[in-house]
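A short write-up of the structure that comes next.
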Amino acid sequence: MTDISLADFTAGATDWLDAHAAKRSEERFVWGEGSDRVGMFDEKSSAQEAAEVAAAKEWKAAEFDAGYGWITGPTEYGGRGLSREHDRAYREVAAQYAVPSQSCFGIGLGMVAPTILAHAVPEVKERYLRSMWRGDVIGCQLFSEPIAGSDLAGIQTKAERDGDEWILTGQKVWTSNAQYADIGEIITRTSPDKPKHKGLTMFVVDMHAPGVEVRPLRQMTGGASFNEVFFEEVRVHDSHRLGDVDEGWTVALTTLMNERASIGGGSGPGGGGMSLTRYFEMAKHFGVNDDPIVRQRLADAYIHTTVARYNNLRAMAKIRAGQLPGPEMSTGKLALTNNMQRVGALASEILGPRLAADSGEWGTFAFSEMVLGTPGMRVAGGTDEVMRNILGERVLGLPKEPKG
């Protein structure tokens, strides 16, 4: 591990950020001022999305080259080899600065990169990890299929061996970031004669390879944050296999636990959709802040979101201490979607018909995008029903759900 004191590291990071970014303005909320966007998914035009990705890549490259891109990563793969305390110190300082959104890297760095680090051969780690953390390569996750969403073991996309290569054929769905991803982490069926959880194998696939087709999926929010991806005899070299043949389920669990940690530890909707200050001010603006039912529901939302935040902090502290994320992270993911439904219902009650008709009034119809986007989060990272089963069986030790 590189020998640099936490104080010197923090001072250096502050100096670098001062030279390359502006301080973030103090956040305050005043009803009727600023953006009222509270969408679950930050919908953009293709041109806006391309510009945001380009800005994100430029910042990520500068950050990496300065030594702040992968602070805890192994030095042989481009990391700096410092402690989690150094990483936390940088994040605390960086939070004070206005930098381009890094959301396009969330899946690649939060889910795909950790799986590559844990299960890929050295040459693949060298090829992708440095580039991913520098922002040159964006990753996506290719798990769900039209007939195998939360039942991941039921996937049908097949991989057939052909010498030193595998030929992939099938379809994936609900893939975030596929429209601009460079690589994908894909789970396939390699031995159809074996039980569902057996005979699965994971690969890193080139998203620009011949035979890969990405099609956007239009959502009821009006945007297209997800995609369906088709693979028609796509060739992948065996070196890009993650883990052993037919042992993909074990590899997939690495990704799934990191996915649920990422979603469960998230803040929810963009644009402040889970910021209760907005709801308090909404109630005041529409004159229902003295309504006992509204006040009770505001208190209920505050209690549940606060408990969820504390639980997430506890879980993140466990991960920072070097422990692997476990099934308890499903608690955070389930709490997030429950709270999103809770605040969505609260907004609906306060706004009434204003939620459904675009009258141009600030802070009203904008909430429809959040309410319509919430069902998508109930599916992402495993449905609420699957999360309850995981909690019941693996955390509480209850009997398994009856078959049939």
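Readers should treat all values here as calculations from the given coordinates under stated rules, not as data from a laboratory. What you are looking at is a predicted structure, and each value in this text was computed from that prediction instead of being measured. Here Cβ is always computed from backbone atoms with ideal geometry, including for glycine, and neighbour counts include all displayed protein chains.
Our Cα-only numbers for the range 336-404 put the radius of gyration and Dmax at 16.9, 52 Å. For the range 1-137, a/c is not less than 1.5, where a ≥ b ≥ c are the root eigenvalues of the C-alpha gyration tensor, and a/b does not top b/c. That puts it in the oblate class. Rounded to the nearest 10 degrees, the inclination of helix 292-320 to the longest alpha-carbon principal axis of the chain is 30 degrees. Angle of helix 248-264 to the longest C-alpha principal axis of the chain, folded into 0 to 90 degrees and rounded to 10: 20°. Which shape class applies to the range 140-226: rounded if a/c is under 1.5, otherwise prolate when a/b exceeds b/c and oblate if not, where a ≥ b ≥ c are the square roots of the Cα gyration tensor eigenvalues? Because a/c hits 1.5 or more and a/b fails to exceed b/c, the range 140-226 counts as oblate. Sorted on the mean count of surrounding Cβ atoms within 10 Å across their residues, most packed first, peptides 283-292, 221-230, 58-67 read 221-230, 58-67, 283-292. For the range 8-14, putting each phi into the Karplus relation 6.51 cos²θ - 1.76 cosθ + 1.60 with θ = phi - 60° gives couplings of 5, 4, 5, 5, x, 5, 5 Hz, in residue order, rounded to whole numbers and with x for Gly and Pro.
Our helix-only sum for the chain, with -39,500 (n - 2.57) per DSSP H run of n ≥ 4 divided by its residues, gives a mean residue ellipticity at 222 nm of -13500 deg cm²/dmol. Backbone geometry of the range 94-104 corresponds, through the Karplus equation with coefficients 6.51, -1.76 and 1.60 at θ = phi - 60°, to 3J(HN,Hα) couplings of 4, 5, 7, 10, 8, 10, x, 4, 10, 4, 5 Hz, x marking Gly and Pro.
Among Gly34, Gly243, Gly199, the residue with the largest mean-square fluctuation in a Gaussian network model of the chain, with springs joining Cα atoms closer than 10 Å, is Gly34. Straight-line cross-link reach from Lys44 at under 27 Å between alpha-carbon atoms covers these lysines, not counting any fewer than eight positions away in the same chain: Lys23, Lys57, Lys60, Lys172, Lys333. The DSSP beta bridges internal to the chain are antiparallel in roughly 85% of cases.
Does anyone have the angle between helix 329-351 and the longest principal axis of the chain? Alpha-carbon axes, 0 to 90°, nearest 10? Relative to the chain, helix 329-351 is tipped by roughly 30 degrees. Rounded to 0.05, the FRET efficiency of the Tyr97 and Asp65 pair, given R0 = 22 Å and the Cβ-Cβ distance, is 0.85. Annotation: peptides 396-402, 370-376, 191-197, ranked by per-residue average of other Cβ atoms within 10 Å with the highest first, follow the order 370-376, 191-197, 396-402.
The phi-based Karplus calculation (6.51 cos²θ - 1.76 cosθ + 1.60; θ = phi - 60°) puts the 3J(HN,Hα) values of the range 17-23 at 5, 4, 7, 10, 8, 8, 5 Hz, whole numbers, x for Gly and Pro.
Hey, any idea what the orientation-averaged projected area of the convex hull of the chain's Cα atoms comes to, in nm²? Please report the intermediate quantities before stating the final value.
Numbers: hull surface 87.0 nm².
Hull-based average projected area comes out at 21.8 nm².
You can think of it this way: the chain between Ala54 and Asp244 has 64.8 nm of extra reach, that is 0.36 nm per residue less the Cα-Cα gap. Between amide H atoms placed 1.01 Å from N, distances below 5 Å from Glu145 occur with Val173, all of them 5 or more places distant or on a separate chain. Quick one: grab the alpha carbon gyration tensor of the range 69-119, order the square roots of its eigenvalues as a ≥ b ≥ c, and give me rounded if a/c is under 1.5, else prolate or oblate depending on whether a/b is larger than b/c. Because a/c hits 1.5 or more and a/b fails to exceed b/c, the range 69-119 counts as oblate.
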